[in-house]
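The values are calculated or read from the model by the stated rules, or taken from the named source; none is laboratory data. In this text, all values refer to a predicted model and were calculated from it rather than measured experimentally. No Cβ is skipped: glycine too gets one built from the backbone with ideal geometry, and neighbour counts run over all protein chains shown.
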Amino acid sequence: MAKNVSEKKTRAKRKIAREAQKQRQIGLQWSILAVVALIVAAIFLWPKPQSQAINAERLNTYPSQGSSNPMVTIVEFADFGCPSCRAWHQAGIMEQVIKTYGDKVRFVWRDFPVITAQSPKAAEAGQCALDQAKFWEYHDLVYKQGKLGISDLKSYAQDLDLDTQMFNQCLDSGQYRASIDQSLNSARELRLRGTPSFLVNDIVLPGPPSYAQLAALIEADLKAN
C-alpha cells in the first residue's frame with residue numbers, strides 16, 4: 001500500500017515536472033517569436049538612407065581625363081570586377097596616351113558592370129567617389145586591392161580621406177543606380193560583347209588595345225581632321 005502511494009507521488013511529481021518543462025518551452029518559443037518580430041519590424045521601420053535627386057547634367061557626367069576640347073575622344077566601357085580591365089589600366093596605357101597626345105585627346109570612363117554580382121555596386125561606389133572629385137584615385141585603389149564587398153568599397157573611401165558619411169550615404173541609398181543602368185544600356189545598344197570595350201571617336205574597338213593600336217588610330221584621326 002505504501003509502495004503504491006509512493007509510486008503515485010512519483011508519477012505526480014514527474015507530471016508536474018513535464019508540465020513545467022512544457023510551459024518553459026512554450027515561453028521560450030514565444031520569446032524567440034517576439035525577438036524575430038522586433039528584428040523584422042526594425043528592418044522595415046528603420047529609416048533608410050534617402051537618395052539625392054540626380055539632375056540630367058549629373059546623369060550624363062562621366063569620369064574623364066585629358067582635354068576638355070579634344071580632337072580624339074576615347075571611351076572605355078569597363079567593369080571594376082573585370083581582370084582584363086584591371087590589367088589594362090595597370091599597364092599604364094591610358095596615362096601614356098594622355099602624356100603623348102596632351103590636349104588632343106580625352107579619355108572617358110563608362111560603367112559596364114557585367115562580370116561579377118558585386119560589379120554594379122562597385123560602379124555606384126565609383127560614382128559616389130566622383131561626387132568628391134576622387135574617381136580616378138578610387139578607380140586605381142579598387143583595381144589595386146581587387147575586393148568589391150560593400151565593406152571593402154567603404155574602406156577604400158576612408159583610405160582616400162573622402163567624406164565617409166557622405167560616401168556611405170550615397171552608396172547605401174543607391175542613388176546612382178539609374179546612372180549605372182544608363183551606361184549599361186548604352187553598352188548594350190552598341191552591342192558590346194565584353195569588357196573592356198572601347199570607342200575611338202565613336203568607332204567601336206573591342207578588347208583591350210595596346211598603346212601602338214591606340215596611337216595608330218589617334219594619328220589617323222588627327223590627320224583626317
Next on the checklist: For the structure I just gave you, tell me whether Ala157 is without any contact (Cβ under 8 Å) to a residue 40 or more places away in the chain, surrounded by 18 or more Cβ atoms within 10 Å (Cβ to Cβ) and either in a helix (DSSP H, G or I) or over 12 Å from the mean Cα position of the chain (by Cα) (or both).
Outcome noted: yes
Checklist entry - Has region 191-213 got at least one residue that is among the acidic types (Asp, Glu), under 26 Å from Ser68 (Cα atoms) and not in a helix (DSSP H, G or I)? => result yes
Next on the checklist: Kindly evaluate Met166 against the criterion of being without any contact (Cβ under 8 Å) to a residue 40 or more places away in the chain, within 30 Å of Lys223 (Cα to Cα), assigned to a helix (DSSP H, G or I) and not charged (D, E, K, R).
Outcome noted: no
Next on the checklist: So if I check each of Thr73, Thr100, which one is surrounded by fewer than 19 Cβ atoms within 10 Å (Cβ to Cβ), of a type outside the set (A, V, I, L, M, F, W, C) and not in a helix (DSSP H, G or I)?
Outcome noted: Thr73
Next on the checklist: With the requirement that a residue be of a type in the set (A, V, I, L, M), buried (at least 22 other Cβ atoms within 10 Å of the Cβ) and outside any helix (DSSP H, G or I), what does region 103-135 give you?
Outcome noted: Val105
Item to check | Which listed residue is assigned by TED's automatic domain parsing to the domain that holds Ser183, modelled with pLDDT of 95 or more and under 17 Å from Gly81 (Cβ atoms), from Val108, Val114 | outcome: Val114
Item to check | Filter pass, Thr73 being within 20 Å of Leu190 (Cβ to Cβ), over 11 Å from the mean Cα position of the chain (by Cα) and not hydrophobic (A, V, I, L, M, F, W, C) | outcome: yes
Next on the checklist: Could you check region 169-190 and list, in sequence order, the residues that are polar (S, T, N, Q) and either part of a helix (DSSP H, G or I) or in contact with a Lys or Arg (Cβ under 9 Å, 6 or more places away or on another chain) (or both)?
Outcome noted: Gln169, Ser173, Ser179, Gln182, Ser183, Asn185, Ser186
